[in-house]
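Beneath this line is the structure, given in C-alpha cells, with notes to follow.
The values are calculated or read from the model by the stated rules, or taken from the named source; none is laboratory data. Treat the numbers as computed from the prediction; the structure is a model and nothing was measured. Cβ coordinates were reconstructed from backbone atoms using ideal geometry, including for glycine residues, and neighbour counts include every protein chain displayed. Only protein heavy atoms, including side chains, enter the accessible area calculation; ligands, DNA and RNA are left aside. Shrake-Rupley method; radii C 1.70, N 1.55, O 1.52, S 1.80 Å.
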Amino acid sequence: MNKLTDLKGIIFDYGGTIDTNSRHWAEVLWEKYQLSGVPVTKEEFREAYVYGERTLAKVPLVKPEHNFLDVLRIKTGLQINYLVENCKLDGSVAVGKSYALNIASACYQYVIDVMKRTRPVVRELSGRYKLVLVSNFYGNIQTILKDFQLYDCFSSIVESSVVGVRKPDPAIYRLGVEAMGYAAENVLVVGDSFSKDIVPAKSVGCKAAWLKGEGWGNEEIDESLPDLIITDLPELLEYIP
C-alpha cells in the first residue's frame, strides 16, 4: 500500500487499538481466565462478558476518578458474580482463589506491556499531527490516559458516555471531525473494529486505517474499504509521511 497523503489530523480509537494493539478485550480476558484456571467454558465466559459490558453501559459503576485497574476490577467482578449467580462457577472457590482480582491484575500488566509498543507511536504522531481520541468509554477516559502518560497527546477527546453517542453510530465520528477542525478527507481514523471504527469513519468521509487482529468475530468484512490495513500499531508510521 502507498503512503497516506493530504493528512492534517488523526483520530484514534482507544480500547482494542492503543491498549491491546488489535486484540479484542474479550480475547485478552479469556486468556487470563485460562491462565488463572477458572473452570468455565469460553461460551460461558462470553455470556458473562456481554452481561458485564451491558451492565456498565446502563449503570454508572465506573467513576471519573477510576483508573484502568479499577475498571478491570469492576468488570471482572461483574463477570465472576454473573457466573456464580448462574451456577456456572462455585462462589466459595471464586472467592478463595481471588479470580476477579487476579484476572484484573494480569490484564492491567498486559496493557502496561502493550503500551511499550503503542505509546511511542501515539507520542511520535502527536508531534507531527493534531490528534483526537474517539472512544466508547465509561466517563473516565481522561484518567485512563493520564495513568498511561497519553493525555497530553490529544487535543480533544470524544467519549461516548459524555457525548451520548456510541459507536458504531457515525455521529460520534462526525463529532471527532468537528473537534479536529479539518475536512473529513484530511483526517485519518485508526481503529481495531471493522464495524465500529472503519465503517462509520468511511461513511463520514474520513480515511481509515484498520488495525486488524484478534476480533470478536461475526463481522462482515470488506477489506477494500479501509485505506490501510495493519496488524501492529508501529506499522502505521511506515505509511504516514
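Values for this structure:
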| read-out | value |
| --- | --- |
| Residue selected from segment 120-131 under the condition in a helix (DSSP H, G or I) and either among the small types (Gly, Ala, Ser) or surrounded by 18 or more Cβ atoms within 10 Å (Cβ to Cβ) (or both), by the criterion nearest to the chain's Cα centre (by Cα) | Val122 |
| Those residues of segment 45-62 which are open to solvent by 40 Å² or more (accessible area, probe 1.4 Å), over 18 Å from the mean Cα position of the chain (by Cα) and at pLDDT 95 or above, in sequence order | Glu47, Leu61 |
| Scope segment 182-239; condition at pLDDT below 95, surrounded by 15 or more Cβ atoms within 10 Å (Cβ to Cβ) and in contact with a helix residue (DSSP H, G or I) (Cβ under 7 Å, 6 or more places away or on another chain); matching residues | Glu214, Trp216 |
| Selection within segment 163-181 - open to solvent by 40 Å² or more (accessible area, probe 1.4 Å) and closer than 27 Å to Arg117 by Cβ | Pro168 |
| Test: residue in segment 133-143 that is polar (S, T, N, Q) and open to solvent by 60 Å² or more (accessible area, probe 1.4 Å) | yes |
| Residues of segment 63-92 satisfying the condition of being of a type in the set (Asp, Glu) and open to solvent by less than 50 Å² (accessible area, probe 1.4 Å) | Asp70 |
| Any hit, segment 99-111, residues being touching a helix residue (DSSP H, G or I) at 6+ places or on another chain (Cβ under 7 Å), modelled with pLDDT of 95 or more and among the polar types (S, T, N, Q) | no |
| Tabulated pairs, segment 41-68, first over 19 Å from Ile144 (Cβ atoms) and in contact (Cβ under 8 Å) with a residue 12 or more places away in the chain, second among the charged types (D, E, K, R) and not in a helix (DSSP H, G or I), C-beta under 7 angstrom, 6+ apart or interchain | Glu44/Lys88 |
